[in-house]
Amino acid sequence: MKAIVIKEPGCVVLEEKPIPEPQPGFVRVKVKAAAICATDLEVMDGNIPANYPITPGHEWSGIVDAAGSEEDRSWIGKRVVGSNDVVCLKCEACRRGEWRYCPDFEEIGFKRDGAYAEYVIVPAYGLCELPGQVSFIHGALCEPLGVALGTLEKAGASFGDTLVIIGAGSIGLCMLAAAKAMGMREIVVAAATEKRLGIARQMGAACTIATRDCDLVEEMKKLRPDGSDVVIDATGMEACVQQSLKLARKGGTVALAGYGRGKLMSIRMDDIHINNLRVVGAGNNWNQHKKAVAMMADGLVNIEHFATNLLRPEDFEEGLDLARRRPEGFLKAVFVHE
């Protein structure tokens, strides 16, 4: 099979590999769509630990074509998405459903080969059937939608809450789509430039703010003097994290959903302490695929338009370049297989 492989940080190639065989408890999925995520670029650059050489790809959909156990053969032929979490299912964390805290945790696309290939091996226990009305391309975007759902859940977001989202990448826009579907109101989306804010407006943002053109905190004081119920930083950037603490109302919630790339950051502690803010980390969002698929199937969320560039695996260099440059109008590059 053809597979995109990161040989080592900075070296990415397309090569022929043997078709893998699933071990007991796992199935083999013939990949139909696999989206490029910004964290895949971090693996390529060596900024996220990985087992090199590695095939990346954790946003995928496909059809099960082989099973490693007799009890899992019922999945064969089904359209699926699924969890990338490989865990023991026996420890205290797993029994609580907190798979990412399992001491044996490994993630597909980081520690195990992912979906930038014709086939991928995934755990049967994490599979979710993809209804016929949800396309494979849309299904591959269940993973970033799940990140948004998990973040809003951790933030305790509720119907009628006001919301500010800092960042208009695919995760920030997934936050917008999920928040709209759950009935949050007066949603403001802020980003450095107008590059993607037009998309946010089309998706129903009440207001958008290009922060290179103005002071976000001052603009929000005009819009919402008492602050917002929930503020989500989807950038992982120090300045944005600092701003997020100034945008929440007294007693409000700030959710940190951006990847900080291991950097130390300075914050003003009194912004949290004096205003009684609830600050939550939202970097691991597991077991959200079924909810994401259900929202897509019911028409509550439609983010298929995020797939702005459909590519063959042979064109991986173009896809990676687009993901790095993020030109105007670009959101997601997706590898598709006939």
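The modelled label-to-label distance for the pair SER158/ASN51, using points 7 Å beyond Cα in the direction of Cβ, is 4.4 nm.
Computed FRET efficiency, Cβ-Cβ of LYS2 and SER74, R0 30 Å: what is it to the nearest 0.05?
Details: r = 29 Å, r/R0 = 0.96.
The value I calculate is 0.55.
Taking every protein chain into account, the 1.4 Å probe leaves ASP321 with about 70 Å² of accessible area, to the nearest ten. Our summary gives the chain a relative contact order of 18 percent, counting only alpha carbon pairs under 8 angstrom and 6 or more residues apart. For ILE209, the amide hydrogen comes within under 5 Å of the amide hydrogens of VAL189, ALA190, ALA191, counting only partners 5 or more places away or on other chains and with H modelled in the peptide plane.
Under a straight-distance cross-link criterion of Cα-Cα below 16 Å, which lysines are reachable from LYS250, leaving out those fewer than 8 residues away in the same chain? LYS250 reaches LYS221. Between the residues ALA248, VAL293, LEU264, the greatest Cα displacement towards the positive end of the dipole of the chain, with unit charges on the Cβ of Lys, Arg, Asp and Glu, is found for ALA248. Across the range 243-251, rounded Karplus estimates of 3J(HN,Hα) from the backbone phi angles (6.51 cos²θ - 1.76 cosθ + 1.60, θ = phi - 60°) give 5, 4, 5, 8, 9, 7, 5, 4, x Hz, Gly and Pro being marked x. Ellipticity at 222 nm from helices only: DSSP H runs of n ≥ 4 in the chain, each -39500 (n - 2.57), divided by the residue count, give -7000 deg cm²/dmol.
Based on the Cα atoms of the chain, what semi-axes does the equivalent ellipsoid have, where each is the square root of 5 times one gyration tensor eigenvalue, given in whole Å with the largest first?
On the way: eigenvalues 235, 88, 74 Å².
They are 34, 21, 19 Å, listed largest first.
Mean sequence separation of contacting Cα pairs (under 8 Å, at least six apart), scaled by the length of the range 234-274, corresponds to a relative contact order of 54 percent.
Available extension along the chain between THR39 and ASP215 is 60.5 nm, counting 0.36 nm per residue and deducting the alpha carbon span.
Ordered by 1.4 Å accessible area with all protein chains kept, ARG324, ARG79, ARG96 run largest first as ARG96, ARG324, ARG79. Helix 142-154 and the long axis of the chain differ in direction by around 40°, with both axes built from C-alpha atoms.
Under a model in which nothing but the beta-carbon of Lys, Arg (+1) and Asp, Glu (-1) is charged, the range 221-338 shows a dipole of about 720 debye around its Cα centre.
Evaluate E = 1/(1 + (r/R0)^6) for ARG100 and ASP298, where r is the Cβ-Cβ distance and R0 equals 22 Å; express this FRET efficiency to the nearest 0.05. Calculated value: 0.20.
In order along the range 20-37, phi translates into HN-Hα couplings of x, 10, x, 7, x, x, 10, 10, 9, 10, 7, 5, 9, 8, 9, 8, 7, 10 Hz, rounded to whole numbers, per the Karplus curve 6.51 cos²θ - 1.76 cosθ + 1.60 with θ = phi - 60° and x for Gly and Pro.
A dipole drawn for the range 101-209 from +1 and -1 charges on Cβ atoms has a positive end, and of LEU149, ALA117, LEU130 the residue lying farthest that way is LEU149.
What do you get when you divide the Cα radius of gyration of the range 22-176 by 2.2 N^0.38 Å, with N the number of residues? Show your work: numbers first, answer last.
Numbers: Rg = 16.2 Å, N = 155, 2.2 N^0.38 = 15.0 Å.
Working it through for the range 22-176, the quotient is 1.08.
Residue pairs exceeding 28 angstrom between C-alpha atoms, taken from LYS7/LYS32; LYS32/LYS111; LYS7/LYS154; LYS2/LYS291; LYS180/LYS332: LYS7/LYS154; LYS2/LYS291.
Quick one: pull the percent of accessible area on the chain belonging to carbon and sulfur, 1.4 Å probe, ligands and nucleic acids left out. Ligands and nucleic acids excluded, carbon and sulfur give 49 percent.
The values are calculated or read from the model by the stated rules, or taken from the named source; none is laboratory data. Quantities reported herein were computed from a predicted structural model and do not represent experimental measurements. Note: ideal-geometry Cβ built from the backbone for every residue, glycine included; neighbour counts use all protein chains shown. Note: accessible area is taken over every heavy atom of the protein model, side chains too, but ligands, DNA and RNA are not part of it. Shrake-Rupley method; radii C 1.70, N 1.55, O 1.52, S 1.80 Å.
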